[in-house]
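One structure is given below, encoded as structure tokens.
No lab work stands behind these numbers, since they all come straight from the coordinates. Given the structure is predicted, the values throughout are model-derived calculations rather than measurements. When we count neighbours, we look across all protein chains shown, and the Cβ atoms used for this are built from the backbone with ideal geometry, even at glycine.
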Amino acid sequence: GENVEQHPSTLSVQEGDSAVIKCTYSDSASNYFPWYKQELGKRPQLIIDIRSNVGEKKDQRIAVTLNKTAKHFSLHITETQPEDSAVYFCAAARSGGYNKLIFGAGTRLAVHP
Amino acid sequence: DTEVTQTPKHLVMGMTNKKSLKCEQHMGHRAMYWYKQKAKKPPELMFVYSYEKLSINESVPSRFSPECPNSSLLNLHLHALQPEDSALYLCASSQATVTQETQYFGPGTRLLVL
């Protein structure tokens with residue numbers, strides 16, 4: 001069945017360092033890849049997404065890259081800050097109106113001052 | 001209004017109770033979703049409504065009954081739940097178009113079944 005693997009499960013960095021989270025998906029028909037940030041006790045919030053016709057997308061300190069051939073996509077956070085500490089979920093879906101997001105297991109990121 | 005709202009925030013119920021969770025959005029979204037999230041796990045899709053019609057049921061037990069009375073409202077009716085159903089129940093909505101498919105989540109209802 002459809003599956004998204006996410007690594008690492010936990011990530012600890014010093015403030016100002018970069019953080020990279022990697023995901024691999026199994027469904028070759030997936031063409032929409034969002035990333036959600038979920039702080040403790042709060043709702044998941046979209047931080048960035050990418051579609052299969054784009055290889056890279058940036059938004060200030062956050063970037064996502066997609067390798068369709070390898071079925072890999074990654075989240076890059078530069079100049080990390082303590083408020084970046086949260087659980088990050090990658091997801092994959094087939095576009096088509098409503099979509100069924102297949103989530104990765106999540107990465108708990110801790111940014112230490 | 002750019003938010004998805006959910007009520008109640010917290011709910012404690014016994015296994016013989018009947019209760020309902022409510023979700024509302026006024027963004028004109030035509031797709032609405034129910035997810036279940038256990039601690040330290042990703043959200044798990046339960047149901048999807050598209051244009052007020054049930055489009056996906058992820059083999060959810062019948063003790064969970066969804067309802068979409070109109071394009072802004074989504075309910076989840078609960079009865080005869082089990083303790084293992086205790087979780088955070090998240091509602092989400094999206095535009096239901098190929099180019100506008102971001103799902104926006106509500107704050108969730110934290111459910112405890114005793």
| Which whole-Hz couplings ³J(HN,Hα) result when phi for each residue of the stretch B:101-114 is put into the Karplus expression 6.51 cos²θ - 1.76 cosθ + 1.60, θ = phi - 60°, listed in order with x for Gly and Pro? | 10, 4, 9, 9, 9, x, x, x, 10, 8, 9, 10, 9, 9
| Beyond 13 Å, what share of the Cα-Cα pairs of the stretch B:39-94 remains, rounded to the nearest whole percent? | 64 percent
| request: Step through the residues of the stretch A:32-48 one at a time and calculate ³J(HN,Hα) from phi using the Karplus curve (6.51 cos²θ - 1.76 cosθ + 1.60, θ = phi - 60°), rounding each to whole Hz and writing x for Gly and Pro. | output: 9, 9, x, 10, 10, 10, 10, 7, 4, x, 10, 7, x, 10, 5, 10, 6
| field | Positive-pole candidate from A:Asn53, A:His76, A:Tyr98, dipole of chain A, charges at beta carbon | value | A:Tyr98
| remark: Placing each pseudo-label 7 Å from Cα in the direction of the beta carbon, A:Ser9 and A:Asn53 end up separated by a distance in nanometres of 3.9 nm
| said: Using the Cα centre of chain B as the reference point, and only Cβ charges (+1 on K/R, -1 on D/E), how large is the resulting charge dipole? Debye, rounded to the nearest 20. | reply: 360 debye
| task | Under 4.7 Å Cβ to Cβ, no partner at all: give me those cysteines from chain B, in residue order. | result | B:Cys68
| Over what distance in Å are the Cα centres of the stretch B:67-114 and the stretch A:32-76 separated? | 23 Å
